[in-house]
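Chemist: Pasting a structure below so you can have a look.
The values are calculated or read from the model by the stated rules, or taken from the named source; none is laboratory data. Small disclaimer: the values here were computed from a predicted structure and weren't measured. Methodologically, a virtual Cβ is constructed for each residue, glycine included, from the backbone with ideal geometry; neighbour enumeration extends over all protein chains shown. To get the accessible areas, we keep the full protein, side chains included, count just its heavy atoms, and leave off ligands, DNA and RNA. Shrake-Rupley method; radii C 1.70, N 1.55, O 1.52, S 1.80 Å.
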Amino acid sequence: MSIGYIGLGNMGGALAERLQLSHPLLVNDRDEAAMKRLAAAGATACPDAGDLAANCETIFLCLPTSAHVRSVIFDSGLHERLRPGTLLVDQSTGDPTVTREMAAQLASQDVSLIDAPVSGGWRGAQAGTIAIMVGASQDDFDRISPILDDVSSNVFHAGDVGAGQVIKLVNNMISGAQRLLSLEGMALAAKNGVDPAKAVEILASGGGRNVFLEKFAGRVLEGKLAPGFTLGLLLKDLRLACDLGAASGTPLFLGNLTRDLYQTHLNELGPQAEVDASALVIDRIAGTHVVPADHDHVDLR
Ligand code: NAD
């Protein structure tokens, strides 16, 4: 039977393309161009999300926020047409509390909603290595595992519904902080006589190494700042992580600081700027030139 995929943006589009290699797909997005891209790869475009319910036992969603997910499920005609036994798989980085509420609501019509957010970007999806963090009952995890195994070799069962989104928020709090500290370190090195490219080479082999230094710093040094993951989406994740900290009584000194630093960067660059464009703000306040002058265009506000 076909699988449904709703939300074909930077992340959902890449995940759907990967899924499309091993399963017939029905796809939906409010952006017609996004649907056409997937249709060109062999998927069937469905401008009405409700049509997915009639034809798919498993429907994935990858939308900006849990509010979008709620609206697509309950306000687009999908909910009324979902058949008992359907499995909804939310790959958005969402709010675990909202996900648990929606899952409880859907359980009364024998529909399961589980969360399976991802980390590794569209490159990780293409390579089949993206980390998938599943929040689901054991039964639902066993149902979805064979399909997720076709997407990536890195599938993890984090716990019950919502647990995938919890650990994804933890992940982004850590990776967000690492990016800023690494960029500050590159500026510090540059200002004190170490070429930033040399600094990255050395740091990526030292105790300070992290994914930003290993995978993304080189792109920043080349001025490649085209959007892949936007500041607006990252700030949403950091707010959710800090809200979770407040709600659970978990002090997040660095998490809250990281959120507020990205808020200042978003105020400077706008929500659609790529997260690595933070390097432009750090260059400006540090008086450095880590990013080359001919970098991808980003409007500094
Ligand atoms: P995006 O903005 O590129 O894509 C979102 C897509 O959802 C768009 O194509 C949009 O048209 C569609 N959409 C919005 N409302 C809709 C509706 N009502 N009906 C149908 N389609 C609708 O965002 P993205 O970067 O793909 O991110 C999606 C989710 O994945 C977010 O929660 C984000 O935090 C998470 N994520 C993104 C990345 C990344 O590298 N971009 C990595 C990990 C996780």
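Chemist: Counting only residues 5 or more places away or on other chains, whose amide H sits under 5 Å from the amide H of residue 45 once H atoms are built in the peptide plane?
Modeler: Close amide H contacts, sequence-distant or interchain: 27.
Chemist: Going by alpha carbons, how many degrees (0 to 90, nearest 10) lie between the helix axis of 10-20 and the longest principal axis of the chain?
Modeler: 50 degrees
Chemist: Which FRET efficiency value, to the nearest 0.05, do you get for residue 246 and residue 39 by plugging their Cβ-Cβ distance into 1/(1 + (r/R0)^6) with R0 = 51 Å?
Modeler: Numbers: r = 43 Å, r/R0 = 0.85.
The pair residue 246/residue 39 has a calculated efficiency of 0.70.
Chemist: Rolling a 1.4 Å sphere over the protein heavy atoms, what is the accessible area per residue of the chain, to the nearest Å²?
Modeler: Working: 13690 Å² over 301 residues.
Each residue of the chain exposes 45 Å² on average to a 1.4 Å probe.
Chemist: Rounded to the nearest 10 Å², what accessible area does residue 62 have for a 1.4 Å probe in the complete protein model?
Modeler: Roll a 1.4 Å probe over it and residue 62 shows about 20 Å².
Chemist: How much length is gained on full extension from residue 1 to residue 71, taking 0.36 nm per residue of separation minus their Cα-Cα distance? Write down the numbers at each step before the final one.
Modeler: Working: separation 70, 0.36 × 70 = 25.20 nm, distance 2.55 nm.
Answer, rounded to one decimal: 22.6 nm.
Chemist: Ignoring ligands and nucleic acids, what accessible area does residue 198 show with a 1.4 Å probe (Å², nearest 10)?
Modeler: 100 Å²
Chemist: In nm, give the distance between the simple-model label positions of residue 138 and residue 263, each being 7 Å from the Cα along the Cα-to-Cβ direction.
Modeler: Roughly 4.3 nm, to one decimal.
Chemist: Cut-off 13 Å, label point 7 angstrom out along Cα-to-Cβ of residue 226: give me the residues of region 99-128 whose amide nitrogen falls inside.
Modeler: Residues 123 fall inside that zone.
Chemist: Turning to a different aspect of this structure: In nm, to one decimal, how far is the modelled label at residue 101 from the one at residue 215, with both set 7 Å along Cα→Cβ?
Modeler: According to this spin-label approximation, the distance is 3.2 nm.
Chemist: Expressed in whole Å with the largest first, what are the equivalent ellipsoid semi-axes of region 2-161 derived from the C-alpha gyration tensor as the square root of 5 times each eigenvalue? List each step's numbers first, then the result.
Modeler: Numbers: eigenvalues 83, 73, 39 Å².
The answer is 20, 19, 14 Å, longest axis first.
Chemist: At 1.4 Å probe size, with the rest of the protein present, what percent of the exposed accessible area of region 166-286 is carbon and sulfur atoms? Intermediate values should be presented prior to the final figure.
Modeler: Numbers: 3630 of 5880 Å².
Carbon plus sulfur share of accessible area: 62 percent.
Chemist: Would you compute, from DSSP H runs of 4+ residues alone, the mean residue ellipticity of the chain at 222 nm, taking -39500 (n - 2.57) per run and dividing by the full residue count, rounded to the nearest 500?
Modeler: Working: 14 runs with 159 residues, N = 301.
Helix-only estimate at 222 nm: -16000 deg cm²/dmol.
Chemist: Quick check: at a probe of 1.4 Å, how many percent of the accessible area of region 2-161 sits on carbon and sulfur atoms? It would help to have the intermediate numbers written out before the result.
Modeler: Details: 3290 of 6520 Å².
That share works out to 50 percent.
Chemist: When the chain is fully extended, how far beyond the present Cα-Cα distance does residue 156 get from residue 184, taking 0.36 nm per residue of separation? Present the calculation step by step, with values, prior to reporting the outcome.
Modeler: Values: separation 28, 0.36 × 28 = 10.08 nm, distance 3.25 nm.
Full-extension gain reported as 6.8 nm.
Chemist: Can you figure out the FRET efficiency of residue 123 with residue 174, using R₀ = 30 Å and their beta-carbon distance, to the nearest 0.05? Could you put the intermediate results ahead of the total?
Modeler: Numbers: r = 19 Å, r/R0 = 0.64.
Working from the Cβ atoms, E equals 0.95.
Chemist: Give the accessible area for residue 101 in Å² (nearest 10); use a 1.4 Å probe, count only protein heavy atoms, and leave out ligands, DNA and RNA.
Modeler: The accessible area of residue 101 comes to roughly 100 Å².
Chemist: Sequence gap of 8 or more, or different chains, plus Cα separation below 24 Å: how many lysine pairs satisfy both in region 166-286?
Modeler: 9
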